[in-house]
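The values are calculated or read from the model by the stated rules, or taken from the named source; none is laboratory data. Values in this document were obtained by computation on a predicted structure and should not be read as measured data. FYI the Cβ positions are ideal-geometry reconstructions off the backbone, even for glycines, and counts take in every protein chain you see.
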Amino acid sequence: MAYELVKEEGTRRTIRFTADAGDVDELFRKIRKRINSELRIPGFRPGHVPRAMLDSRFGNLIRTEVAEEMRERLQNSLLEERDWILAGIPVPDDALPAEGSGYSFEITFDLFETPEPVGYDSFEVTIPRLDEEKSLEAALQSIRERMTGFETVDRPARRGDMVLVDAVGVEDAGSREPEHMALRLGDDGLGAGLDDLFVGLSKGASFTARTEPFDPPASGDAPETGRPTLFKLVDVREPVLPELTDELASKASRFSTVAELRESLRERIRLRYESERADLIESQVMTRLLDRNPFDPPAYMIENLKGDLIRDLEREPDEETRAFAGEVARRRVREFLILRAVALREGLEPGEDELAEEAGRTGSRASALDRLRNRKALRFLLDRAAVTETDPVPGESAGPPDGKPAWIWRRTPPPEGGAVERQG
């Protein structure tokens, strides 16, 4: 197998590939055998269709598949040797192989050239400072809350209480048993607004509610709503937060004392902060680098990575998820290309031993070269980051943009003969 450059014009390279007759014949045998085994023709067992019939009926298919596999094989071999990024899908000629002779064909490659990187001499990065004691106390409080018990109380329900509730659709009342459930008021476990309807009510109170759009339709049409549901408050239970003792520490963890638990949590907080700190610095450096170097990457690279991201999902994605996957893929491709450009400009090349070891893990020298260069480029950039630590802003939250849910529970008139009891 061999190849030669036959034409160079701008970013386009036309390469002529040549495969030996022996390699071509071996591939014909392989493709013919596979197709023969897959055929289901009356009167013949799978894999035992006569060659003459096979070639007569499927000869063009066999030649096409041989051509496609040979082209892919030789093209991949070339790209392993050449340090190229392609701007698009390569375009082959329409030459087809024949048994008993060599196979020569041409493929035109359009190369992608990342713009010369600029603005990477320094980066200003701001990250929140670790308040170790505050984080430790929050972790201990979380453990106490996980071990919270609940005691029945004779008073109206408050936020934070656990309420036991019976719920049944208004249409099913009297014909179906109600569903028993426990709600922690304030968690909005069944959707926005429902917990608030229980606050101030006492044991035995009931009401009817349904889900409605938070904002009415702009058209003025009647909004779609959920089915009316009858709720009855069966019990009100108050949270009882346990004291932080050695006994609690042994129940909630593998440690026998509070002191041991504290020390373990402190170490985990430090390790997590260092990891998050590194991620934040890297994210900000890459964002600034991409902002200073605007360019559009090859579309096929984005689509390939987007497809990989979507295939990793456990369920079929909706359009919003697909769009988000496309945005993530575009950023990752741009990161890859700009890091590669920095590495090439700065001469950040791996040694042969390092490259051989990395390639031995994946089998691809070209991929190993890209990974090692980009790691060196990222380290090169991170060393130029001036990091400033600031105190977190109290009350800062990353909630929804407008703070409004799409749907909310609202009271509806009680069913005929029913009554709503308000106690408090």
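Below are the figures for this structure:
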quantity	calculated
Failed condition for LEU261, given (1) outside any helix (DSSP H, G or I); (2) surrounded by 17 or more Cβ atoms within 10 Å (Cβ to Cβ)	(1)
Of all residues making up segment 82-118, the number that are closer than 30 Å to LEU289 by Cβ, touching a residue at least 60 places away in the same chain (Cβ under 8 Å) and not aromatic (Phe, Trp, Tyr)	14
Residues located in segment 281-320, provided they are within 18 Å of ALA341 (Cα to Cα), touching a residue at least 60 places away in the same chain (Cβ under 8 Å) and polar (S, T, N, Q)	ASN293
Strands (runs of 3 or more DSSP E) (entirely within segment 90-169) containing at least 1 residues that are modelled with pLDDT under 95 and under 30 Å from GLY200 (Cβ atoms)	149-152, 162-169
Options LEU313, LEU309; residue that is more than 27 Å from GLY119 (Cβ to Cβ) and either at pLDDT 95 or above or loosely packed, with under 12 Cβ neighbours inside 10 Å (or both)	LEU313
Condition met for PHE198 (outside the structural domain of ASP20 (by the TED database) and within 30 Å of the chain's Cα centre (by Cα))	no
Residue check for ILE338: aliphatic (A, V, I, L, M), under 21 Å from the mean Cα position of the chain (by Cα), at pLDDT 95 or above and not assigned by the TED database to the domain that holds GLU81	no
Pair list, Cβ under 7 Å, 6 or more apart: segment 255-280 residue within 15 Å of GLU389 (Cα to Cα), other residue part of a loop (DSSP other than H, G, I, E, B)	TYR273/LEU130
Within segment 212-227, considering residues that are over 37 Å from the mean Cα position of the chain (by Cα) and at negative phi, the one modelled with the lowest pLDDT	ALA222
Residue under evaluation GLY363, criteria (1) at pLDDT 85 or above; (2) under 28 Å from ILE85 (Cα atoms), criterion not met	(1)
Segment 38-71, subset part of a helix (DSSP H, G or I) and of a type in the set (Lys, Arg), residue surrounded by the fewest Cβ atoms within 10 Å (Cβ to Cβ)	ARG51
Residue ID - nearest to VAL342 (Cα to Cα), chosen from residues in segment 364-375 that are among the basic types (Lys, Arg) and surrounded by fewer than 19 Cβ atoms within 10 Å (Cβ to Cβ)	ARG375
Members of segment 52-98 found to be within 30 Å of ARG40 (Cβ to Cβ) and within 32 Å of the chain's Cα centre (by Cα), listed by number	GLU72, ARG73
Leading residue by the ranking (nearest to PHE58 (Cα to Cα)) among those in segment 1-37 that are surrounded by 13 or more Cβ atoms within 10 Å (Cβ to Cβ) and touching a Gly at 6+ places or on another chain (Cβ under 8 Å)	ASN36
Residue check for LEU244: assigned to a loop (DSSP other than H, G, I, E, B) and either among the hydrophobic types (A, V, I, L, M, F, W, C) or surrounded by fewer than 13 Cβ atoms within 10 Å (Cβ to Cβ) (or both)	yes
